[in-house]
Number of protein chains: 2
Amino acid sequence: MSATTLAPALIARFAEITGETYALTETAAVAPYLVESRGLYRGTTPLVLRPGSVAEIAAILKLASEMGTAIVPQGGNTGHVAGQIPREGAADVVLSLSRLNRIRDVDPIGNVIVADAGCVLADIQKAAEAVDRLFPLSLGSEGSCQIGGNLSSNAGGTAVLAYGNARQLCLGLEVVLPTGEVWDGLRRLKKDNTGYDLRDLFIGAEGTLGVITGAVLKLVPRPVGHEVAFAGLRSVADALALYDLAFRRCGTALTGFELMPRIGIEFTTRHIPGVRDPLQTPHAWYALIDISTSDSAETASRMAEALMAEAMEQDLAEDAVIATSGAQRKALWHMRESMSPAQKPEGGSIKHDVSVPVSSIPAFMAEADAAVTAIIPGARICAFGHMGDGNIHYNISQPVGADKQAFLDRWHEVNAVVHGIVLKYGGSISAEHGIGQLKRDELAAIRAPIEIDLMRRIKHAFDPAGIMNPGKVLRSDT
Amino acid sequence: MSATTLAPALIARFAEITGETYALTETAAVAPYLVESRGLYRGTTPLVLRPGSVAEIAAILKLASEMGTAIVPQGGNTGHVAGQIPREGAADVVLSLSRLNRIRDVDPIGNVIVADAGCVLADIQKAAEAVDRLFPLSLGSEGSCQIGGNLSSNAGGTAVLAYGNARQLCLGLEVVLPTGEVWDGLRRLKKDNTGYDLRDLFIGAEGTLGVITGAVLKLVPRPVGHEVAFAGLRSVADALALYDLAFRRCGTALTGFELMPRIGIEFTTRHIPGVRDPLQTPHAWYALIDISTSDSAETASRMAEALMAEAMEQDLAEDAVIATSGAQRKALWHMRESMSPAQKPEGGSIKHDVSVPVSSIPAFMAEADAAVTAIIPGARICAFGHMGDGNIHYNISQPVGADKQAFLDRWHEVNAVVHGIVLKYGGSISAEHGIGQLKRDELAAIRAPIEIDLMRRIKHAFDPAGIMNPGKVLRSDT
């Protein structure tokens, strides 16, 4: 472990690169960079740097490399696994990308946008919209998360089913390496088979191999037809059958298939202003089905109607509605997006961001539910998520009247039980949030030693001095 | 460089692993493994091993690692850059994957298929079809190429536009590492953010980091609507405008957009039995437009008709037909697939597999045409390809009556001119065929030293003994 402070002379040398204004050392100024949204981790830092150019970042890393200073890249600070938070008690320097927020180029014919890493996701979406294109990456924190962080964590979100996650939406990268050298991989090519896939190595590496400073992103046509259906279902098995039907009937026009439990609908209607259950009677499960088409609005509408008719006919859905206006479509998505916030007023919530093979979702859910309620009688399981991606946010609200802290203290115990079942089904303990600090040791424990060893070899090959976001993803050697 | 022979005792030890029957040393028996389809490279080998299991491959690599024996994995031997051919004058052992050809599992609900690396691509397509699904990877050599080779070279083909290349169609891999250790990354997950992306590192590495032995592949619903349109165009610029229109109107239903020049239509109608020009009068350029839909045949047909009507209305197409039967659709695709074979009877052909940003295709083509005809007056440029992917097979047939060998002797000179223009537009010198031996030194020359250095560091980290397909992609150190 490095020292917990940095020599004032070294701080001054870093500050010289960015200018004093952008080198923060005051407690109040650095505070927002040290805590993540869930409050699970709190880090320490002697210095937050806010460089304004790729050249400044290169100079910072060159100096850090020479001096052995640990660097923690940070985007919008919306990550859930503390990958962006400096270690507690170390002297990690935070490198904020926020000032690197220029859209460099938009090419609607080539369907690409080139952006600085610090661009806020919503701003990229807007830039695409301005040329009548869609940048499909979409997630709850899109108003503040940054594309560099999205790429470093291979963000998922609500549009993965049709468009893929951040990895699939990126054609090229610019990365500053730990040595301060710049890799210009800003290619705008859909096909390029010229050597090892460095791009995909940096994507999802959570800033441990280098600092992403720019990216070429894929655009797609803006759909002209958009329909959202909402169905009440008997069981998760029926949800899977409905998903299968929807995927076969709609193909890539199926742009969302979200699963929600009854308890989630109750939580949202109870706690989120304006949310109401659009169906007359309660159902055990619900599916939100999103359909988008490029050719005409009629195609989407025909698809949605035919699909829901077939679902009713096959007795897969007990009841269903199709939104008839943009406002109704928004309201349905708002309900889905409120699943997690609506758990807050219900007390403590132990969360899991897991995935299993799509066809194993019903078996996984049944087994996990039984195991969790066996160890915590009265636990209220609010498992929802991106069914088509096999990605379930398996969240558990505390029993009514239980002590919140005592419940939350069982976080790791419950995680172990749920993740054990996830692994039995060949699943992932982090479907879209990454590893960071939160799941680092668990990853090392569950993976074959050869896999961790290969990751370590890559880490050493790219960052022999171990300065890039140490202690994230992999345990730090130093 | 290693010795050119292998000690008989070592050959015997390798043969013990596979059994004598599957250890080939006779000249006639090893001959088919030493030459690639274009005849540009001819290698030598003391031994071809045909293992029947992952365990045998692991044992072979363990022994090779101990003894420093170079191993060249080979699938269907259809590659165009000699990545699968042993070096000339070395003692590389060829490791044929052909006997590893079992479909391990098909899960239509989970939309995955798990296959041995030696499965022939067409057999995987058939296994998908048997459960009413589509495995979209499709290329000219699909009847003999193997999925392990497709993944190792990140194969492209004709369905990349909508479905992506081999990389996008793979969820998980099993890889035998140079040490003989097996990495089991056979995950069936659409979302899994748990550490560095090892999968995408092995994909496209051309067997230089390990031997892919199995893969989890993505399936999609089989489209129910399928239309193929064929349009005669004035210019490449009009082709780009038509592509833009088609992509905006059809989105992901646009499953192909292929560009062909007049001379290509002439070559195919002249040399390929049964091919005829479906349009009344000649046009400078042609587009083949493929549309597939999942919901109904009517959607595809409506889309194709509306698109071609709009194209005529906007004067982007001079003339157009839409195939009215499966036979007509096949005939149009057959014409496109005959572009390359039809060049053979016209004499020598200097080929390029390049890509540029889609919006730069017209400018690239104009500049390349001028440069090529300036150095070879009378050169007949037959540039065709996957316009929507920015991927042009920029092929040049010899001038009429010229000496074939004298023309082919200028291969590298012409490559240098064309690739220079490709690079000016930020393009790739190998869009879908890879690097192998053919483009290895050129890659090192055109890329920034830091990029080659990062690739070398990965190579050393994974294969410190340098036994995996040495001299491919990167120059061998030994």
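Within region A:126-157, restricting attention to residues that are surrounded by fewer than 22 Cβ atoms within 10 Å (Cβ to Cβ) and in a loop (DSSP other than H, G, I, E, B), the residue that is nearest to the chain's Cα centre (by Cα) is A:LEU139.
You will find that of B:MET308, B:MET303, B:MET312, the residue that is out of contact with any Ser or Thr (no Cβ under 6 Å at 6 or more places or on another chain), aliphatic (A, V, I, L, M) and without any contact (Cβ under 8 Å) to a residue 24 or more places away in the chain is B:MET312 and no other.
For region B:299-312, the condition holds for at least one residue, the condition being that it is farther than 14 Å from B:VAL228 by Cα, of a type outside the set (Ser, Thr, Tyr) and either away from every other protein chain (no Cβ under 14 Å) or open to solvent by less than 30 Å² (accessible area, probe 1.4 Å) (or both). Scanning region B:432-445 for residues that are crowded, with 17+ Cβ neighbours inside 10 Å and either more than 7 Å from chain A (Cβ to nearest Cβ) or of a type in the set (Lys, Arg) (or both) yields B:GLY436, B:GLN437, B:LEU438, B:LYS439, B:ARG440, B:GLU442, B:ALA444. Within region A:195-219, the residues that satisfy the criterion of being of a type in the set (A, V, I, L, M), in contact with a strand residue (DSSP E or B) (Cβ under 7 Å, 6 or more places away or on another chain) and crowded, with 24+ Cβ neighbours inside 10 Å are A:ILE203, A:LEU209, A:VAL211, A:ILE212, A:ALA215, A:VAL216, A:LEU217.
The residues of region A:451-463 that are in contact (Cβ under 8 Å) with a residue 40 or more places away in the chain and either in contact with a His (Cβ under 6 Å, 6 or more places away or on another chain) or within 9 Å of chain B (Cβ to nearest Cβ) (or both), listed by number, are A:ILE458, A:LYS459, A:PHE462.
A:PHE247 satisfies every condition listed in (1) open to solvent by 10 Å² or more (accessible area, probe 1.4 Å); (2) more than 30 Å from A:SER325 (Cα to Cα); (3) among the aromatic types (Phe, Trp, Tyr) except (2).
Contact map, region A:277-297: residues that are closer than 18 Å to A:PHE257 by Cβ and open to solvent by less than 30 Å² (accessible area, probe 1.4 Å) paired with residues that are of a type in the set (Phe, Trp, Tyr) and in a loop (DSSP other than H, G, I, E, B), Cβ distance under 7 Å, separation 6+ or inter-chain. No pairs are found. Evaluation of B:ALA406 against the conditions (1) assigned to a helix (DSSP H, G or I); (2) of a type in the set (A, V, I, L, M); (3) within 25 Å of B:ARG199 (Cα to Cα) shows that the sole unmet condition is (3). Candidates are the residues of region B:433-464 that are of a type in the set (A, V, I, L, M, F, W, C), modelled with pLDDT of 95 or more and part of a loop (DSSP other than H, G, I, E, B); the one that is nearest to B:LEU34 (Cα to Cα) is B:ILE435.
If you go through region B:169-191 one residue at a time, how many are without any contact (Cβ under 8 Å) to a residue 12 or more places away in the chain and either more than 7 Å from every other protein chain (Cβ to nearest Cβ) or outside any strand (DSSP E or B) (or both)?
Within region B:169-191, residues that are without any contact (Cβ under 8 Å) to a residue 12 or more places away in the chain and either more than 7 Å from every other protein chain (Cβ to nearest Cβ) or outside any strand (DSSP E or B) (or both) number 1.
Look at (1) outside any helix (DSSP H, G or I); (2) modelled with pLDDT of 95 or more; (3) open to solvent by 50 Å² or more (accessible area, probe 1.4 Å) and you find that B:LEU423 fails only one, number (1). Taking each residue of region B:388-411 that is within 14 Å of another protein chain (Cβ to nearest Cβ) and free of Cβ contacts under 8 Å to residues at least 60 places away in the same chain and looking for partners that are assigned to a loop (DSSP other than H, G, I, E, B) and β-branched (Val, Ile, Thr) with beta-carbon atoms closer than 6 Å, six or more apart or interchain, yields B:GLY390/B:VAL356. Candidates are the residues of region B:1-52 that are in a loop (DSSP other than H, G, I, E, B) and of a type in the set (A, V, I, L, M, F, W, C); the one that is surrounded by the fewest Cβ atoms within 10 Å (Cβ to Cβ) is B:ALA3.
The set of residues in region B:275-298 that are away from chain A (no Cβ under 14 Å) and either among the acidic types (Asp, Glu) or closer than 28 Å to B:LEU134 by Cα (or both) comprises B:VAL275, B:ASP277, B:TYR286, B:ALA287, B:LEU288, B:ASP290.
The values are calculated or read from the model by the stated rules, or taken from the named source; none is laboratory data. Note that the coordinates shown come from a computational prediction; the quantities given were computed from them, not determined experimentally. Heads up, the Cβs are rebuilt from the backbone with ideal geometry, glycines too, and the neighbour counts pull from every protein chain shown. Remember, those area values only see protein heavy atoms, side chains included, never the ligands or the DNA or RNA. Shrake-Rupley method; radii C 1.70, N 1.55, O 1.52, S 1.80 Å.
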